[in-house]
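Asks: Would you mind keeping the following structure in view while I ask a few things?
The values are calculated or read from the model by the stated rules, or taken from the named source; none is laboratory data. None of the values given here were measured: they were computed from a predicted structure. Methodologically, a virtual Cβ is constructed for each residue, glycine included, from the backbone with ideal geometry; neighbour enumeration extends over all protein chains shown.
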Amino acid sequence: MKLQVFRVSTLFLLFGLFASSIDLVTSENVLFILPIASKSHKRAYEPLINALAARNHQVTVVSPVKLGKDRENVREIVTNTSIFDRFSDPLKLRAQGTLSMMFQSYDFVFEACQRAYREEEFLSLYKEKFDLVFLNAFMNDPFYGFIYKTGAPYILLTPQAAPTSLTEFVGNVMPSSFVPSAMLPFRDEMSFKERAINFLFNLLLDLYVGATMNHKIEAVYRKELGEDLPSLDVFRRNASMIFTNSHFTQTFPRPLLPDVVEIGGMHCKPAKALPKDLQEFADGAKDGLILFSLGSIVQGNQMPDSTRKVFMNVFSRLKQRVLWKWETEVMSDLPSNVKLSKWVPQQDILGHPNLRLFMTHGGLLSTQEAIYHGSPLLAIPIFGDQNLNAHQAELGGFALTIEILDVTEEDLETKIRELLENKKYAENAKKLSKVFRDQPETPVERAVFWSEYVMRHNGAHHMRSAARKLNMFQYHSIDVFAVLIISLLVILWVVKLATVKIIKVICCRRAKSVEKKNQ
Ligand SMILES: *[C@@H]1O[C@H](CO)[C@@H](O)[C@H](O)[C@H]1NC(C)=O
Ligand SMILES: *[C@@H]1O[C@H](CO)[C@@H](O)[C@H](O)[C@H]1NC(C)=O
């Protein structure tokens, strides 16, 4: 009884606090700049957009994809900057490799940015006043110039774990010795060789991007906004915060300054009831349900027929039911345990009690959803950070990986059966789910708090580490080491000179005294 009273009173207290904190919030103008964004980037940020709008802020979102239905306090500006529909062929993407794809895409990214700058609705934003700007920190660099024009503080949103090439501008260098690059298949514990590769990779990528990209990016915004605009580095060092789409349970613990905050998993939520046909299919999967989806960018129906048949033949030999996200809903040779669906409410399926396995490209959002819902993975990485996500999931003991370029029926079937029959994968997935969910507040609440914090304190300049002002040599104390080593060498040299001199003097004296004796 006493306990109950306590509970009720705490509830009132909490409600009181909550209500009063809502009273304090004034309505601010918030702008999301996401012209270069895939559907999944947008889906990652959508919970923050909604939460800010729900707290009565006026939110403007610039992006190439609409959020769906209109909502209160959200204004959407749709720009002609969709570039991700170029990346729909899974095998071609896989064969090309991520880095080469990234650098090739930069030219049409710049073109798209230039187009956005000239669109009327975008231009009209110059006339407005914003209290906070968010920038999608992936290929959107030409918009730093625009942010400068608004004069508002800004927060970077990263669609993956923020790389050191970004965080180093706010003084948060990720040590190459235990933070693996998202492009490399390493974990936090690395051998000497891996550490060397990781270090050189980060260094060379920085140098390459610095030498080839920065002036092109500056050229785009200077052409649109004026030649006197500061350099990219100046803008990058002016970020108020970085929201990194990661969580240490998945992407390894790493040192983060207070202005770099992990908000990974904002979009994760408990499963709801499914549409009728899917609900029946999932409920009826007495031996378990498998979900197969390659995500929103890659189109399953672009895979060659030979590869499709490999999957189909293996599925037909399983007793589990398979739900396959497939864009054209016809397949003549469909086995009875397989259902195709153009659209899949992924989390509602992943949270279904009959789900046993998720076959995925291993995009970050999908991986986070699988972790949240505690589902084992069969990862089929295609490009970008998917290799790393797959590798990390494998190291986490809840996943196996398939190479789509040379997948065979035997390999696929062995791995699916191993994942279904060996209990350890499901157990590890459940354990990870538990620690991923165990947080002091939800990732969205955290993101909202820090967003409003930056607005309350006009850019929160007091959070900035002095490291922002240091160059690489100062940051790593290389200059101090250099002075120490030079001093040491000088001392050694002086000591050596002195010793030689002393020895000479002694020898001379001895020689002289010997001479005297002999006389
Ligand atoms: C969008 O941009 C492309 C490339 O410049 C152009 O071909 C297309 O006509 C544009 N679409 C619209 C609706 O303006
Ligand atoms: C830096 O950010 C502040 C807001 O926090 C802004 O007023 C200022 O103009 C920015 N300066 C540069 C060089 O971007």
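Asks: In region 165-182, what residues are surrounded by fewer than 19 Cβ atoms within 10 Å (Cβ to Cβ), of a type in the set (Ser, Thr, Tyr) and under 18 Å from residue 232 (Cα atoms)?
Replies: 165
Asks: Which residue is surrounded by the fewest Cβ atoms within 10 Å (Cβ to Cβ), if the candidates are limited to region 107-150 and must be of a type in the set (Asp, Glu) and over 23 Å from residue 457 (Cα atoms)?
Replies: By that ranking, first place goes to 120.
Asks: Hey, can you tell me all the residues within region 233-249 that are crowded, with 21+ Cβ neighbours inside 10 Å, of a type outside the set (Ser, Thr, Tyr) and within 11 Å of ligand 2 (Cβ to nearest atom)?
Replies: The answer is 235, 239, 241.
Asks: Further question: For residues that are in contact with a helix residue (DSSP H, G or I) (Cβ under 9 Å, 6 or more places away or on another chain), within 29 Å of residue 449 (Cβ to Cβ) and either among the hydroxyl-bearing types (Ser, Thr, Tyr) or away from ligand 2 (no atom under 16 Å from the Cβ) (or both), tally how many sit in region 459-474.
Replies: Here the count works out to 2.
Asks: Is it true that residue 368 is polar (S, T, N, Q) and buried (at least 20 other Cβ atoms within 10 Å of the Cβ)?
Replies: Taking the combined requirement at face value, the residue satisfies it.
Asks: Let me ask you something else. Taking helices (runs of 4 or more DSSP H) that do not extend beyond region 412-519, which have at least 3 residues that are surrounded by 15 or more Cβ atoms within 10 Å (Cβ to Cβ)?
Replies: 423-437, 443-456
Asks: Using the structure shown, decide if residue 307 is closer than 27 Å to residue 37 by Cα and modelled with pLDDT under 90.
Replies: no
Asks: To continue, here is another question. From the list 446, 456, which residue is assigned by TED's automatic domain parsing to the domain that holds residue 235, under 26 Å from the mean Cα position of the chain (by Cα) and within 28 Å of residue 238 (Cβ to Cβ)?
Replies: Criteria check complete, one pass: 446.
Asks: Taking region 137-188 on its own, how many of its residues are of a type in the set (Asp, Glu) and within 15 Å of the chain's Cα centre (by Cα)?
Replies: Going through region 137-188 one residue at a time, the tally reaches 0.
Matching residues to (1) surrounded by 18 or more Cβ atoms within 10 Å (Cβ to Cβ); (2) within 30 Å of residue 454 (Cβ to Cβ); (3) in contact with a helix residue (DSSP H, G or I) (Cβ under 9 Å, 6 or more places away or on another chain); (4) not assigned by TED's automatic domain parsing to the domain that holds residue 186:
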residue: 251; (1), (2), (3), (4): yes, yes, yes, no
residue: 256; (1), (2), (3), (4): no, yes, yes, no
residue: 259; (1), (2), (3), (4): yes, yes, yes, no
residue: 316; (1), (2), (3), (4): no, no, no, yes
residue: 328; (1), (2), (3), (4): no, no, yes, yes
residue: 336; (1), (2), (3), (4): no, no, yes, yes
residue: 348; (1), (2), (3), (4): yes, no, yes, yes
